[in-house]
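Undergrad: Have a look at this one before I ask anything.
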Amino acid sequence: MIPATGRDGRDELRDAQEQGRICGLAVRGQRDLQASAAAHPELFPADPFDTMLFANISLAIAFGAPWCTAEQLRAANRTVLWGFALDWLIDHRAGSREEVDGLVARCLAVAADEPAAPDDHLGAYLTGLQRELATAPAFAAHRALWRDRLHATVRAMAREWEWKAAWRSAGREALPGLDAYLDNADNHACTIVNVAHWLYTGDEATLSRLDELVAVSDQVQRALRLVNDLGTYERDLRWGDLNALLLVDDRARVEQRLAELVRTCREMLVPLRAACPREADYLARQIGFSSGFYELADFWGMS
């Protein structure tokens, strides 16, 4: 007979069942992402958009909101994939400021409900994403918030491209300080994913506190930027990407800043737990998942 609880009093069967359900959500999310990518092969080439990336995205989203259905997580998963596509095009495919400006302009045009050009694969994908979001009544009511966060995301990615270009031409002296770098954390595309998730699935209590949730999300986004950088420094060096560890002379400073951000997030979540406890858990779980994940892996794989 299998005991109901382990030696420490935990219900091991229930824990394993919950973890299994999360993995099941992730599998279904991965299938949807693979289908989305297959419908846009010009935007999502197999290298680097491989099955590992799709699995990593869907795992992160499933662990963040395990109480949701696979259908409820669709918008968040697809928004993450859009962010990866934009990041790849700006960071690794754009060869000039004009190309970066063109990508930004096309995204902003689609956000303003202009049709994507026939050869604009990124715009076509974003159009489909917004069409999916619009199936939720809250999207129309909060469309301005979506546009604002989309603008912030694309412009933050463009700003990082500028920093990298200056770095290549003028050396490390051209890099921003850690504060400016963290102020540009929308390039990590965390808050826009959270906004998509809340507009797609949020109940009345969630939607009435979007301003507060977004404020915490921005701090979570900064924390995740540093979690990512601490875990991907070697890969970032190989790829020529910016990393917080390039901006300071001591890794401990980045670790200390991360601890401060996590503490701030915890404090900001306290008043939200009474009104929308699941969304408070959702934000906390994002930090917890990424902190564990980056100890062993990377969203882009191990290349």
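Values in this text are rule-based calculations from the coordinates and carry no lab data. Predicted model, so just to flag it, every value in this text is computed and none were measured. Note: ideal-geometry Cβ built from the backbone for every residue, glycine included; neighbour counts use all protein chains shown.
Residue by residue, here is whether (1) crowded, with 21+ Cβ neighbours inside 10 Å; (2) in contact (Cβ under 8 Å) with a residue 40 or more places away in the chain; (3) of a type outside the set (S, T, N, Q); (4) outside any helix (DSSP H, G or I) holds:
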| position | (1), (2), (3), (4) |
| --- | --- |
| Arg159 | no, no, yes, no |
| Trp163 | no, yes, yes, no |
| Pro176 | no, yes, yes, yes |
| Arg222 | yes, yes, yes, no |
| Arg225 | yes, yes, yes, no |
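Undergrad: Looking only at the range 109-119, decide whether some residue is of a type outside the set (A, V, I, L, M), in a loop (DSSP other than H, G, I, E, B) and surrounded by 15 or more Cβ atoms within 10 Å (Cβ to Cβ).
TA: Here is the first cut: in the range 109-119, the ones of a type outside the set (A, V, I, L, M) are 113-115, 118-119.
Now narrow it down to the ones that are in a loop (DSSP other than H, G, I, E, B): 113-115, 118-119.
Narrowing further to those that are surrounded by 15 or more Cβ atoms within 10 Å (Cβ to Cβ): none.
Among the residues of the range 109-119, not one is of a type outside the set (A, V, I, L, M), in a loop (DSSP other than H, G, I, E, B) and surrounded by 15 or more Cβ atoms within 10 Å (Cβ to Cβ), which makes the answer no.
Undergrad: Looking for whichever is of a type outside the set (Ser, Thr, Tyr) and crowded, with 16+ Cβ neighbours inside 10 Å here; the options are Ala275, Ala244, Ala259. Which one fits?
TA: Numbers: Ala275 fails: crowded, with 16+ Cβ neighbours inside 10 Å; Ala259 fails: crowded, with 16+ Cβ neighbours inside 10 Å.
Step by step, each of Ala275, Ala244, Ala259 is checked, and only Ala244 is of a type outside the set (Ser, Thr, Tyr) and crowded, with 16+ Cβ neighbours inside 10 Å.
Undergrad: Can you tell me which of (1) within 30 Å of Ala46 (Cα to Cα); (2) touching a residue at least 60 places away in the same chain (Cβ under 8 Å) is the one Leu247 doesn't meet?
TA: (1)
Undergrad: Within the group Ala297, Ala259, which residue is among the small types (Gly, Ala, Ser) and outside any helix (DSSP H, G or I)?
TA: Ala297
Undergrad: With respect to Asp91, determine if the residue is touching a Phe, Trp or Tyr at 6+ places or on another chain (Cβ under 9 Å) and surrounded by fewer than 19 Cβ atoms within 10 Å (Cβ to Cβ). Outline the logic, then answer.
TA: Numbers: touching a Phe, Trp or Tyr at 6+ places or on another chain (Cβ under 9 Å): yes; surrounded by fewer than 19 Cβ atoms within 10 Å (Cβ to Cβ): yes.
Answer is yes for this residue.
Undergrad: Then there is this: Cβ-Cβ under 9 Å, sequence separation 6+ or interchain: first residue in the range 114-128 and aliphatic (A, V, I, L, M), partner surrounded by fewer than 19 Cβ atoms within 10 Å (Cβ to Cβ) and in a loop (DSSP other than H, G, I, E, B). Which pairs?
TA: Close Cβ pairs (under 9 Å, with a partner that is surrounded by fewer than 19 Cβ atoms within 10 Å (Cβ to Cβ) and in a loop (DSSP other than H, G, I, E, B)) amount to Leu122/His40; Leu122/Ala116; Ala124/His40; Ala124/Ala116; Ala124/Ala117; Ala124/Pro118; Leu126/Ala116.
Undergrad: Go through the range 130-147 and report how many residues are surrounded by fewer than 16 Cβ atoms within 10 Å (Cβ to Cβ) and in a helix (DSSP H, G or I).
TA: From the range 130-147, those surrounded by fewer than 16 Cβ atoms within 10 Å (Cβ to Cβ) are 131, 134-135, 137, 140-141, 144, 147; that's our starting set.
From what's left, in a helix (DSSP H, G or I): 131, 137, 140-141, 144, 147.
Result for the range 130-147: 6.
Undergrad: When the residues of the range 45-96 are narrowed to those that are assigned to a helix (DSSP H, G or I) and among the acidic types (Asp, Glu), which ends up farthest from Glu162 (Cα to Cα)?
TA: Filtering the range 45-96 down to residues assigned to a helix (DSSP H, G or I) leaves 51-64, 74-93.
Next, from what is left, pick out any that are among the acidic types (Asp, Glu): 87, 91.
Working: Asp87: 13, Asp91: 10 Å.
Step by step, filter the range 45-96, then rank; the result is Asp87.
Undergrad: Let me ask you something else. Any idea which of Leu199, Leu133, Leu145, Leu230 is closer than 21 Å to Val80 by Cα and within 16 Å of the chain's Cα centre (by Cα)? Steps first, please.
TA: Values: Leu133 fails: within 16 Å of the chain's Cα centre (by Cα); Leu145 fails: within 16 Å of the chain's Cα centre (by Cα); Leu230 fails: within 16 Å of the chain's Cα centre (by Cα).
So the residue among Leu199, Leu133, Leu145, Leu230 that is closer than 21 Å to Val80 by Cα and within 16 Å of the chain's Cα centre (by Cα) is Leu199.
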